[in-house]
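Presented below is the structure to which this report refers.
Every number in this text was worked out from the coordinates using simple rules, so none of it is lab data. This structure is a prediction, so every number in the text was calculated from the model and none was measured. Here the Cβ is made from the backbone with ideal geometry for all residues, glycine too, and neighbour counts use every protein chain on show.
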Amino acid sequence: MGAAGGIRVRLLAVVLAATAIALPVLPALVGKHTMPTGVDLWWILPNTLTMGGFTLLLSALLGPPLGGAVSIAGYFGLALTDNLFTDVEPYLPLAMYPAQHGKWVPVLCLVPVALVAHFVTRGLSSWAYRLERNSGA
């Protein structure tokens, strides 16, 4: 394995992915102050981290543009599913508003899997890897 696939590159990919997953928590914390009284922070944090983990996992597997698009479509799909079907909320990975609790199991599953995916792929989708390989770099 050459320098391009070394352990430093893989660890950097993991650190950057972890940062990208964690950074959306900052606006969520600021947004907490604009939420109605009684909305718990433990509802906002797991939803934010779940979507971050999902987006970064798809980014490593499909590439950033397609991964982000699928993530947004998935988010709206969850909201649509929650609104169209009654009693489906317990089976969805996100806690829907006005929930007073969060769902931590999806966070505990998605975030480590996303970080492992970034370690294995060095943060590159298969398309980007083939592009790098074919460029002779």
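A few remarks follow.
- Anisotropy class of the chain from Cα gyration tensor, a/c 1.5 cut: prolate
- Separation in nanometres of the label points that stand 7 Å from Cα toward Cβ, at Y97 and F85: 2.3 nm
- Using Cβ point charges alone (K and R +1, D and E -1), the dipole size of the chain about the Cα centre works out to roughly 640 debye.
- Taking each DSSP H run with n ≥ 4 as -39500 (n - 2.57) and averaging over every residue of the chain yields -22500 deg cm²/dmol at 222 nm.
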